[in-house]
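The values are calculated or read from the model by the stated rules, or taken from the named source; none is laboratory data. Because the structure is predicted, anything quoted here is derived from the model rather than measured. When we count neighbours, we look across all protein chains shown, and the Cβ atoms used for this are built from the backbone with ideal geometry, even at glycine.
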C-alpha cells in the first residue's frame, strides 16, 4: 500500500525541500516508485534541486487545481535529471516524479486569492498514486501552519517534521505536533537538521526525543559541502560517502522498513 | 433530520443552511473531538457511506446520525447523491476568499 509522507517544518530555512529531495531520491534508489508534490504554492522551489527550470514544465500543480490538466499531466519523471558530481546520470533503480508548483507571480497570487477545493487536491494525490503506481508520495509543504499544510498533515500516513536546534524551532515544533495529533496522524518522526557540530549526537537526539516524546529519525550536521552545493543537486549523489548522505539513507531505510 | 440506511436516498445537499459551507481546515481544528475525528477519517477516505461510517465508528446509529446531522448543518460535509450508496464527503476549501481589494490582486495577474 502506498505511503503518503508529508514533510513539514514550522519555520522556513530548515532545509525542508533539500531533505525531501534527498530522502525521496534515496527511497527511489531502493527500487521504489516515488513522487514529490510541491505544495509550497506560495514559495515553490524543490524543482531546482532536480535541475528543472520553469521552462521545462508545461503544467504545474496550479493547473491541476484549476482543472486545466490531470494530476498525472503535471507530474514529470525527473529520474534522468538526477546526476552525480561528475554530471553523469545517477544510477537510480526506481523512479522519481515531481509535481512542481507554478513560479508565475500571477498564478501564485490567484491561488492565494481564490483558494482551492481541498477535496480536489486530495483527489489529485490519489490519482497520482493510482495512475503512476506509486510506492511513496512525498508532500513538500509550505513552512508553518496554514490551510494547505493542514490538509497535507491530515491525509498523511506519516509526518516528518524538520527542525533546527533553535529555541524558535523548538517552540514551533511543539505547536505542530499538537496540531498533528488533533488531525490523527498515525506516525510522526522528527529530523534535526543544521545542527552545529558542538552538539554530541546522542545528547541532542535524547534531548529532542525527551522534550517531544516523538522519535528522532535522523540528525544532520551543518556542513560546508552543502553550502557549496547551494541546491545545485541531490547532495548524497554528489557526496555519497559524506556523513550527511549516510544519514539520508538511514532515514530512507526507516521509511521503507515501515511498509 | 435523520439519514437513510445503506442504499436509500440520502438527505439532499440543499438541506444545508445557506452560508455555512464549505469550511476550512482551520475550522476543522476547532471541532469537538468526536466530530473532528470523524471528519479527519472522512478526509482520508475522501467520503464514506453511512454503513461504512457506522462500521468504522462502532457507535450507536442514533449518535452517529446526530453527529452527521451537526456536521452537515455546520457545512463540514455534503452528501454525494450521485453515488450509490450515497457518500458523505468532506466539504472543505483551502481558504475563504480574501477581502483584499481587487485592484491589488489584479496588479499581480
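Yes/no matrix, rows are residues, columns are (1) under 30 Å from residue A:92 (Cβ atoms); (2) touching a residue at least 12 places away in the same chain (Cβ under 8 Å); (3) in contact with a helix residue (DSSP H, G or I) (Cβ under 6 Å, 6 or more places away or on another chain); (4) surrounded by 13 or more Cβ atoms within 10 Å (Cβ to Cβ):
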{"residue": "A:150", "(1), (2), (3), (4)": "no, yes, yes, yes"}
{"residue": "A:156", "(1), (2), (3), (4)": "yes, yes, no, yes"}
{"residue": "A:168", "(1), (2), (3), (4)": "no, yes, no, no"}
{"residue": "A:194", "(1), (2), (3), (4)": "yes, yes, no, yes"}
{"residue": "A:220", "(1), (2), (3), (4)": "yes, yes, yes, yes"}
{"residue": "A:241", "(1), (2), (3), (4)": "yes, no, no, no"}
{"residue": "A:248", "(1), (2), (3), (4)": "yes, yes, yes, yes"}
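Of all residues in the stretch A:5-32, those that are closer than 14 Å to residue A:156 by Cβ have Cβ atoms under 6 Å from Cβ atoms of residues that are part of a helix (DSSP H, G or I), 6 or more apart or on another chain, in A:6/A:152; A:6/A:153; A:7/A:16; A:7/A:20. Here residue A:11 meets each of (1) modelled with pLDDT under 95; (2) over 26 Å from residue A:186 (Cα atoms) with one exception, condition (2).
Restricting the stretch B:29-38 to residues that are assigned to a helix (DSSP H, G or I) and in contact with a helix residue (DSSP H, G or I) (Cβ under 7 Å, 6 or more places away or on another chain), which is surrounded by the most Cβ atoms within 10 Å (Cβ to Cβ)? I'd like the intermediate steps shown before the answer.
Of the stretch B:29-38, the ones assigned to a helix (DSSP H, G or I) are B:29, B:33-38.
Keeping just the survivors that are in contact with a helix residue (DSSP H, G or I) (Cβ under 7 Å, 6 or more places away or on another chain) gives B:29, B:34-36, B:38.
Numbers: B:29: 15, B:34: 14, B:35: 18, B:36: 18, B:38: 23.
Only one residue fits best here, namely B:38.
Applying the criterion of being outside any strand (DSSP E or B) and farther than 17 Å from residue B:38 by Cβ to the residues of the stretch B:77-94, the residue that is nearest to the other protein chains (Cβ to nearest Cβ) is B:94.
Considering the stretch A:25-136, there are no qualifying helices (runs of 4 or more DSSP H) wholly inside with 1 or more residues that are more than 13 Å from chain B (Cβ to nearest Cβ), touching a strand residue (DSSP E or B) at 6+ places or on another chain (Cβ under 9 Å) and surrounded by fewer than 23 Cβ atoms within 10 Å (Cβ to Cβ). Scanning the stretch B:39-59 for residues that are in a helix (DSSP H, G or I), within 14 Å of the chain's Cα centre (by Cα), within 20 Å of residue A:126 (Cα to Cα) and more than 8 Å from chain A (Cβ to nearest Cβ) turns up B:39, B:42, B:45.
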